[in-house]
Amino acid sequence: MERHPETGGVTRPRRALFMATILTGSFLLFMVQPLVARMALPRLGGAPAVWNSAMLVYQALLLGGYAYAHVLGRLPLRRQAIVHLALLVLAGLTLPIALTDLPPPRAGWEPVWAPLLFLATIGPVFFVVSAQAPLIQRWYAAEPAAGDPYWLYAASNLGSFAGLIAYPLLLEPTLRSHAQSALWSAGYALLFGLVALAAAARWHAPETRLETQVVTPAEPFGWRRIGLWLALAAVPSGLMLSTTTHLTADIVAMPLLWVIPLGLYLLSFVFAFNRRSRVGQVCARIAPLVLFLAGGMAMVSRGADIVANALAALIMLLVVAVALHRRLYADRPEPARLTLFYLIMSAGGALGGLFTALIAPIAFDWVWEHPLLVLAAAALLPGAPCFDWRARLGVSPAFARSAVLAVLLVVVALSGLLYEAMLDESATLVLALVVGISLLAMLLLGHRLALVAALLALMLGRGGYDTVDSSWDGARQRSFFGIYAVRENELGGLRGLTHGTTLHGLQFTDQARERDPTSYYSRSSGAGLALTGAAQIVGPGARLGVVGLGVGTLACYRQGDQTLEFFEIDPVVATYSRQGRFTFLDRCAPAARIRFGDARLELAKAPAGSFDVLVIDAFSSDSIPVHLMTREAFAIYRRALGPRGLLLVHISNRYIDLRPMVAGLAAASGMEARIRSDLDPRGRGVSPSIWTALAAEPATLRRLEEASGPRAWQPLPPPPDRVWSDDFASILPFLRWEKVLGRGL
């Protein structure tokens with residue numbers, strides 16, 4: 001074997017071969033995650049839980065792959081190579097990637113059905129590729145002169161990060177899903193060739209070096225140490241998913257945003273599994289302060305600046321994950337136990353995913369998993385203080401404990417003042433108190449329980465009291481599709497339903513006004529104008545269909561012998577309208593039918609020409625269910641409409657300008673379109689809104705304009721060059737960057 005002339009190690013071409021093999025496998029592994037999740041959106045909708053379900057399956061498969069690598073590592077290296085190459089061939093028979101044809105789930109069974117879909121679609125190849133990182137590292141270390149193989153894990157995660165970023169920035173905007181799948185298959189073939197070359201490079205390596213290496217007595221290896229590894233892996237994994245839930249719930253359920261938390265999570269390994277990394281060293285130092293400054297917002301459930309909160313959560317995720325993974329790396333075992341170490345680490349990641357994606361939505365009424373994981377991170381951070389005041393002052397242990405207790409009491413008192421400042425909306429005082437509490441808490445480093453207690457006090461003072469109170473009162477419900485809360489006292493005569501940070505609907509509590517349409521559905525809105533004039537526009541006895549129930553506000557536009565049918569994906573939403581909290585349905589359309597399930601699938605089952613007016617209002621928070629905004633979806637809508645039918649699409653959104661896309665979809669569907677921008681509505685309880693109206697017959701739009709009044713509806717802007725379809729959709733050209741970056745909020 002050729003040696004490096006100075007170090008005596010393997011030559012650079014050999015190092016390059018193993019690095020290229022690991023990079024390629026990791027690149028493919030994490031590029032396939034957003035690819036398959038994107039392909040599944042037409043079946044699963046735009047719920048943030050879609051990505052968390054996908055991640056849960058991926059983590060389970062990763063755990064299986066690491067277990068396979070650990071068991072395989074007990075065989076002689078040549079047998080390892082033969083078995084692994086054979087499994088690569090067998091898994092490759094499932095390519096190209098295509099969604100398995102599972103029947104649609106029944107309402108309420110989505111948390112089980114979604115993981116099954118991902119498992120059946122990508123399971124074999126993901127399982128075998130996921131074994132790459134530990135297995136190739138083991139093969140690399142089989143050469144006695146190779147040295148410590150753990151640096152390859154940093155390279156592995158760099159490849160994973162590259163795969164994630166490549167998808168939303170390169171593949172999704174340029175290639176359709178089938179082309180993406182074909183490209184991935186070609187990459188898989190390249191990976192097979194690289195694995196074969198790596199196996200050939202170690203074909204004559206000593207067979208027993210790793211298996212017979214003696215474990216030094218100075219390195220204990222018991223359940224306590226394994227438990228620490230599990231915890232250090234589980235907390236960053238759970239934080240990554242809880243941060244993803246926030247981003248996709250309040251902005252858009254698209255891979256562009258799904259990959260940001262996962263990408264930062266993967267980058268944390270790059271910085272952590274390199275003891276000379278300056279970034280890793282800095283993150284480990286500042287992690288406690290960042291945890292207080294950003295993690296203090298972990299219990300905020302209303303009234304927060306979405307973008308600022310999201311950015312703070314992302315910074316905290318990266319810094320804390322680096323710090324915890326760096327502690328994990330510092331406690332790594334010798335190479336003989338490399339595969340076992342990665343197996344335990346993968347099990348921890350899977351436990352974090354299981355808790356966040358499966359257990360928490362069932363056990364909690366809010367995203368309580370997020371503050372719990374932040375507190376767990378505080379308990380697990382390396383305990384060495386940046387400034388050891390006890391050693392500098394030379395105080396006794398008893399005095400130090402008393403001082404720590406005193407500091408903690410001051411933090412609790414200041415947190416009470418912080419809550420009062422939050423109620424008074426004194427931004428300057430809030431900022432000063434948060435910074436002061438965070439700096440003061442740094443004196444508690446080295447005392448984990450005191451540090452956790454201080455962070456909890458800060459969370460409560462920064463808005464957590466209100467969140468706890470809402471849960472205590474039972475004001476919230478949580479489902480696979482989101483978190484809903486009823487607000488009343490602070491709205492003054494109005495009762496509201498919130499989803500995430502967005503108002504889902506309003507109703508006057510005064511019985512004299514309880515039928516008045518509010519929020520985005522006021523009389524002056526596009527929906528209000530069109531539905532008020534429905535008899536004039538489409539004729540008497542109009543058949544009305546509404547995608548998205550909300551609180552049922554649109555029910556009060558039903559007139560005379562008109563029929564009304566709602567399509568709602570989440571049965572939990574219907575409880576608010578059918579059990580007396582909101583009375584629009586009971587007062588205005590008690591006979592209205594509600595069909596549960598994904599609206600697109602349900603509309604595809606309906607007979608052609610079932611509706612005269614069809615309203616698409618399925619956006620929850622600012623998240624866009626992209627599968628309802630594609631060429632195929634609009635073809636379903638047109639089929640469901642009668643010859644004179646009118647399609648109304650609600651496109652109000654803080655972050656994405658959907659007007660050009662609707663113009664393009666209208667043209668692709670053979671329809672004309674108009675837009676109603678009601679940005680300065682008059683009256684209490686109403687909100688600015690943007691609605692579009694589409695019709696196959698120009699006469700329908702003319703009657704809409706006559707019924708609405710002069711200049712109520714305007715032409716749409718020019719369409720984009722490419723419209724969204726089930727296998728192609730990119731939001732990048734339509735982002736309102738000034739909003740995303742925080743300007744003009």
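Among the listed residues ALA141, ALA120, ALA154, identify the single one that is surrounded by 15 or more Cβ atoms within 10 Å (Cβ to Cβ), farther than 18 Å from PHE30 by Cα and aliphatic (A, V, I, L, M).
Exactly one of ALA141, ALA120, ALA154 is surrounded by 15 or more Cβ atoms within 10 Å (Cβ to Cβ), farther than 18 Å from PHE30 by Cα and aliphatic (A, V, I, L, M), namely ALA141.
Outside any helix (DSSP H, G or I) and closer than 30 Å to VAL71 by Cβ: does that describe ARG327?
Judged against the criteria, ARG327 is not a match.
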- Segments classed as helices (runs of 4 or more DSSP H), wholly inside segment 1-110, with at least 1 members that are at pLDDT below 80: 12-44, 49-72
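Residues are listed down the side, and each one gets a yes or a no for (1) free of Cβ contacts under 8 Å to residues at least 60 places away in the same chain; (2) over 19 Å from VAL723 (Cα atoms); (3) in the same structural domain as ASP721 (by TED's automatic domain parsing); (4) not in a helix (DSSP H, G or I):
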site	(1), (2), (3), (4)
TYR167	no, no, no, no
LEU170	yes, no, no, no
HIS178	no, no, no, no
TRP184	no, yes, no, no
ALA189	no, yes, no, no
PHE192	no, yes, no, no
VAL195	no, yes, no, no
ALA199	no, yes, no, no
TRP203	no, yes, no, yes
- Query: Taking the condition among the small types (Gly, Ala, Ser), under 22 Å from PRO517 (Cα atoms) and surrounded by fewer than 22 Cβ atoms within 10 Å (Cβ to Cβ), does ALA555 pass?
  - Reply: no
- Query: For segment 441-449, does any single residue satisfy the condition of being among the small types (Gly, Ala, Ser) and outside the structural domain of SER402 (by TED's automatic domain parsing)?
  - Reply: no
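Table: residues versus (1) surrounded by fewer than 21 Cβ atoms within 10 Å (Cβ to Cβ); (2) under 27 Å from the mean Cα position of the chain (by Cα); (3) not assigned by TED's automatic domain parsing to the domain that holds LEU431.
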{"position": "VAL468", "(1), (2), (3)": "yes, yes, no"}
{"position": "ARG478", "(1), (2), (3)": "yes, yes, yes"}
{"position": "TYR484", "(1), (2), (3)": "no, yes, yes"}
{"position": "LEU494", "(1), (2), (3)": "yes, no, yes"}
{"position": "LEU506", "(1), (2), (3)": "no, no, yes"}
- Item | Positions within segment 660-708 being surrounded by fewer than 16 Cβ atoms within 10 Å (Cβ to Cβ) and touching a helix residue (DSSP H, G or I) at 6+ places or on another chain (Cβ under 8 Å), in sequence order | GLY670, GLU706
- Message: Can you find a residue that is assigned to a loop (DSSP other than H, G, I, E, B) and of a type in the set (Val, Ile, Thr) anywhere in segment 504-524?
- Response: yes
- Task: Report the residue count in segment 710-721 for those that are part of a loop (DSSP other than H, G, I, E, B) and either crowded, with 16+ Cβ neighbours inside 10 Å or touching a residue at least 24 places away in the same chain (Cβ under 8 Å) (or both).
- Result: 8
- Mind listing whichever residues of segment 440-463 are over 17 Å from ASP424 (Cβ atoms) and either crowded, with 23+ Cβ neighbours inside 10 Å or touching an Asp or Glu at 6+ places or on another chain (Cβ under 9 Å) (or both)? ALA441, LEU444, LEU445, GLY446, LEU451, ALA454, LEU455, ALA457, LEU458, MET459
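Buried (at least 23 other Cβ atoms within 10 Å of the Cβ), under 25 Å from GLY496 (Cβ atoms), assigned by TED's automatic domain parsing to the domain that holds ALA527 and over 26 Å from the mean Cα position of the chain (by Cα): which single residue out of PHE611, PHE582, PHE567 fits that description?
PHE582
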- Can you confirm whether segment 696-713 contains a residue that is out of contact with any Leu (no Cβ under 8 Å at 6 or more places or on another chain), on the phi > 0 side of the Ramachandran plot and not small (Gly, Ala, Ser)? yes
- Output the number of the condition that GLU488 fails; it satisfies all remaining conditions of (1) closer than 23 Å to TYR637 by Cα; (2) surrounded by fewer than 16 Cβ atoms within 10 Å (Cβ to Cβ); (3) touching a strand residue (DSSP E or B) at 6+ places or on another chain (Cβ under 6 Å). (1)
- Message: I need the full set of residues from segment 330-354 which are buried (at least 21 other Cβ atoms within 10 Å of the Cβ) and of a type outside the set (A, V, I, L, M), in order please.
- Response: PRO335, THR339, PHE341, TYR342, SER346, GLY348, GLY349, GLY352, GLY353
- Only one of (1) under 30 Å from ILE165 (Cβ atoms); (2) out of contact with any Lys or Arg (no Cβ under 7 Å at 6 or more places or on another chain) fails for GLY685. Which number is that? (1)
- Task: Check LEU531, LEU564 and return the single one that is over 25 Å from GLY482 (Cα atoms), at pLDDT 90 or above and part of a strand (DSSP E or B).
- Result: LEU564
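The values are calculated or read from the model by the stated rules, or taken from the named source; none is laboratory data. This structure is a prediction, so every number in the text was calculated from the model and none was measured. In this analysis, Cβ positions are derived from the backbone assuming ideal geometry, glycine residues included, and neighbour counts consider all displayed protein chains.
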